[in-house]
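> Got a structure here, written out as structure tokens. Questions coming.
The values are calculated or read from the model by the stated rules, or taken from the named source; none is laboratory data. These numbers were taken from a predicted model, which means no experiment stands behind them. All Cβ positions, even for glycine, are placed from backbone atoms using ideal geometry, and neighbour counts span all protein chains on display. Side chains are part of the model used for accessible areas, which takes the heavy atoms of the whole protein and leaves out ligands, DNA and RNA. Shrake-Rupley method; radii C 1.70, N 1.55, O 1.52, S 1.80 Å.
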Amino acid sequence: MLRREFLHRSAAAGATFFAKSFSSPFSRPSSAADSRIEILLDESLGEISPNIYGHFAENLGGVIYDGIWVGENSKIPNINGIRKELIDEMRLVHPPVVRFPGGCFADSYDWRDGIGARDKRPRRTNFWAGEESASAPAVHKYDTNQFGTNEFIQFCKLTGSQPYLAANLRSLSAEDFYRWVEYCNSPAGSTTLADTRAAAGSPDPFNVRFWGVGNESWGCGGNFTSQEYAVEFRRYATWVPSYGRALSFIASGPNVDDWNWTRGFFEELVRKGKSHLRSVYGWALHHYAWNLSRGRTQNWVEGKGDAVNFDAVDWYELLREGQRMESLINGHWQIMAENDPDHSVKLVVDEWGPWYKPGSEATPGDILEQMPTLRDAVFSAMTLDIFNRHPEKIAMANCAQLINCLNSLYLAHENNFCVTPVGHVFAMYAAHQGGQAVRSIFNAPDIHYDRDGKPASFWALNGSASLHGKSLVVTVVNPSATDSRETQLIVHSAKIKSATSTLLTNSDLHAHNTFNQKRAVIPQTKTVDATVPELIYTFPPASVTKLAFDLA
Ligand code: AHR
């Protein structure tokens, strides 16, 4: 079964800096260092939008109920019903934006069900109810709507992030869409909906800027053709009241390499004139790394691998699937240019991450929940580096999903909570947010391995670099399952005053954090002597490293 059909149906160790005798920055690496990283501070690639470090929280399984919302009367520490430990941990990663309420759920959701007095809100069948097991909590199947628009906005405020609301295009009207905008953004006292908002404790408008116009409209969001969807998009995006604040509409983009979806949408969108490009802020690309079958099948169920039990080939297989992100970005960007040569529309990768088969859930019964390991940390770092290297193309990205789901930063159940290795990567990489991306060149001999009797290779070192004034951040992934990589590091046109390294790794590729063992995979930060003429750094196998430099 293809994912499209599925969705249709379900509607330091060893890391050291040390000095070598002086040589020019352009000299060959010293004999032991077979790799080199060069940072070209003068070659800016553009500003890294903080929003590429965004998140996604769908009303699905244990994401909202249990993960985020525990209720005001819960014994679990909470702020107005929202899990406090989650708020505290999220603040450390500086979450710029959170997408809600879906995902596929969004196209079944009536926002009116989630406003007003909580004890009066209706119970509804969750979009995902059919996928839930008999033992799943009732609230995962039958939505009590306790967590609605106001609660989500409060969650965003508490975590310091901007809301990104996904509107229902499959089963609600264009009027319902702009009434939701009115509810959120009309000034205090101006409309009946503003009064309703005020009665619920929020007289001031929420000023929501980001609005998704449908989700996966090629599948669960309505099974449209790209042309049909473009027509709907034009209609839904026309004349939506903005209350003096520009709204940024995100159109439902392609599934992975569906180039025709991108071409068809843009061709149809501009059929009524190029000015319609201005109504699209972002083109949403979704890519899940799910097929670990080593080329054996395209079946959505059979092709999946295990989150925790895997061998070295599976390790590389996931990274290969993840690396596709770079060609997807380049490919869709090129096709968008056919009708939008000035690139007024940017890419919004609002769902990304690995997707494994069921079985590794921290809380049995939570659908789509999986256990993130060191492999997922390396995958996530690699993906964020890809985004950092394309700052002119990517306006936003949202990791799927925040908690108790696919590539989660956090796991929680009742009183239990832990930060996953993926969460630690987000904390490490937050330093890139808003920085000027600068060109980096990674030179390292490829990794070669045996892929079921056939030779295969993968890059041996990659990463990204960004500048905030005199602070330079370089993040580096060593994807090798076995080998460390001794590397010469050259920062052109700058003198280094001081540096720190933060390393995330483990000798076990499968290492992960659990409710009982929360610190199996945690980053280690050290001061390093980087004032030496030639920097050599050893990147341990299966590692993510952040090097933070203060420049003179
Ligand atoms: O993230 C889980 C699901 O994956 C989302 O609901 C949907 O948009 C995607 O197919």
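> Report, by residue number, each residue of region 43-69 that is assigned to a loop (DSSP other than H, G, I, E, B), under 22 Å from Ser133 (Cβ atoms) and away from the ligand (no atom under 16 Å from the Cβ).
Asp66
> Considering region 159-186 alone, what residues qualify as being surrounded by fewer than 19 Cβ atoms within 10 Å (Cβ to Cβ) and assigned to a loop (DSSP other than H, G, I, E, B)?
Gly160, Ser171, Ser173
> Failed condition for Thr538, given (1) under 28 Å from Lys393 (Cα atoms); (2) part of a strand (DSSP E or B), with all others met?
It fails just one condition, (1).
> Oh, and also: Consider Pro241 against the criteria (1) in a helix (DSSP H, G or I); (2) away from the ligand (no atom under 16 Å from the Cβ); (3) under 30 Å from Val270 (Cα atoms): it satisfies all of them except one. Which criterion is unmet?
Unmet condition: (1).
> Here's a follow-up. Out of Ser279, Ser248, Ser293, Ser275, report the one residue that is within 30 Å of Lys454 (Cβ to Cβ) and more than 16 Å from the ligand (Cβ to nearest atom).
Ser293
> Pick from Phe417, Phe379: which is out of contact with any Lys or Arg (no Cβ under 8 Å at 6 or more places or on another chain) and of a type in the set (Phe, Trp, Tyr)?
Matching residue, one of Phe417, Phe379: Phe379.
> Would you list the strands (runs of 3 or more DSSP E) that sit entirely within region 368-444 and hold 2 or more residues that are open to solvent by 10 Å² or more (accessible area, probe 1.4 Å) and not charged (D, E, K, R)?
Passing ranges, in order: 416-419, 436-443.
> When region 269-290 is examined, which residues are found to be open to solvent by 40 Å² or more (accessible area, probe 1.4 Å) and within 29 Å of Leu368 (Cβ to Cβ)?
Tyr281
> I'm told Asn80 meets every condition in (1) more than 12 Å from Gly160 (Cα to Cα); (2) open to solvent by less than 40 Å² (accessible area, probe 1.4 Å); (3) more than 16 Å from the ligand (Cβ to nearest atom); (4) touching a Leu at 6+ places or on another chain (Cβ under 9 Å) except one. Can you identify the failing condition by its number?
All conditions pass for Asn80, except number (2).
> Separate question: Of the residues Gly189, Gly201, Gly219, Gly212, which single one is within 16 Å of the ligand (Cβ to nearest atom), small (Gly, Ala, Ser) and assigned to a loop (DSSP other than H, G, I, E, B)?
Answer to the check: Gly219.
> Need pairs with beta-carbon distance below 9 Å; first residue at positive phi and within region 134-157, second open to solvent by 50 Å² or more (accessible area, probe 1.4 Å) and assigned to a helix (DSSP H, G or I); sequence gap 6+ or separate chains.
Close Cβ pairs (under 9 Å, with a partner that is open to solvent by 50 Å² or more (accessible area, probe 1.4 Å) and assigned to a helix (DSSP H, G or I)) amount to Asn145/Arg118.
Here is a yes/no grid of residues against (1) open to solvent by 20 Å² or more (accessible area, probe 1.4 Å); (2) part of a loop (DSSP other than H, G, I, E, B):
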residue	(1), (2)
Asn260	yes, no
Glu267	yes, no
Leu292	no, yes
Glu302	yes, yes
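> Still on this structure, please answer the following. Identify the residue in region 130-154 that is open to solvent by 20 Å² or more (accessible area, probe 1.4 Å) and of a type in the set (A, V, I, L, M) and, among all such residues, is nearest to Leu60 (Cα to Cα).
Val139
> Going by the conditions given, is Val477 modelled with pLDDT of 95 or more and in contact with a His (Cβ under 8 Å, 6 or more places away or on another chain)? Can you show your working first?
Details: modelled with pLDDT of 95 or more: yes; in contact with a His (Cβ under 8 Å, 6 or more places away or on another chain): no.
No.
> Could you identify the single residue in Leu41, Leu60, Leu7 that is modelled with pLDDT of 90 or more, within 30 Å of Asn126 (Cα to Cα) and either small (Gly, Ala, Ser) or open to solvent by less than 30 Å² (accessible area, probe 1.4 Å) (or both)?
Numbers: Leu41 fails: within 30 Å of Asn126 (Cα to Cα); Leu7 fails: modelled with pLDDT of 90 or more.
Only one candidate passes the filter, namely Leu60.
> From Ser507, Ser457, Ser498, Ser480, grab the single residue that is small (Gly, Ala, Ser), open to solvent by 30 Å² or more (accessible area, probe 1.4 Å) and assigned to a loop (DSSP other than H, G, I, E, B).
Within the list Ser507, Ser457, Ser498, Ser480, the selection yields Ser507.
> While we're here: Can you name the residue in region 362-405 that is of a type in the set (Ser, Thr, Tyr) and more than 12 Å from the chain's Cα centre (by Cα) and, of all such residues, is nearest to Leu319 (Cα to Cα)?
Thr373
> Considering region 100-126 alone, what residues qualify as being open to solvent by 30 Å² or more (accessible area, probe 1.4 Å), under 30 Å from Gly359 (Cβ atoms) and in contact with a Gly (Cβ under 9 Å, 6 or more places away or on another chain)?
Scanning region 100-126 gives a single hit, Ser108.
> Moving to a separate point now. Being of a type in the set (D, E, K, R), open to solvent by less than 50 Å² (accessible area, probe 1.4 Å) and at pLDDT 95 or above is true for just one of Lys546, Lys526, Lys518. Which residue is that?
Of Lys546, Lys526, Lys518, the one residue that is of a type in the set (D, E, K, R), open to solvent by less than 50 Å² (accessible area, probe 1.4 Å) and at pLDDT 95 or above is Lys546.
> Mind telling me which of the residues Arg197, Arg234 ends up being under 30 Å from Leu86 (Cα atoms), of a type in the set (Lys, Arg) and at pLDDT 95 or above?
Exactly one of Arg197, Arg234 is under 30 Å from Leu86 (Cα atoms), of a type in the set (Lys, Arg) and at pLDDT 95 or above, namely Arg197.
> Working only within region 102-123, note down all residues that are within 16 Å of the ligand (Cβ to nearest atom) and either among the hydrophobic types (A, V, I, L, M, F, W, C) or part of a helix (DSSP H, G or I) (or both). Before the answer, list the steps.
Just the residues of region 102-123 that are within 16 Å of the ligand (Cβ to nearest atom), to begin with: 102-109.
The answer is Cys104, Phe105, Ala106, Asp107, Ser108.
> Got a number for residues in region 357-379 being under 17 Å from Leu461 (Cβ atoms) and within 15 Å of the ligand (Cβ to nearest atom)?
0
> Tally up the residues in region 306-341 that are part of a helix (DSSP H, G or I), more than 27 Å from Tyr281 (Cα to Cα) and open to solvent by 20 Å² or more (accessible area, probe 1.4 Å), please. Lay out the reasoning, then the answer.
Filtering region 306-341 for residues part of a helix (DSSP H, G or I) gives 312-339.
Narrowing further to those that are more than 27 Å from Tyr281 (Cα to Cα): 312-321.
With open to solvent by 20 Å² or more (accessible area, probe 1.4 Å) added as a condition, the list becomes 312-314, 320-321.
Here the count works out to 5.
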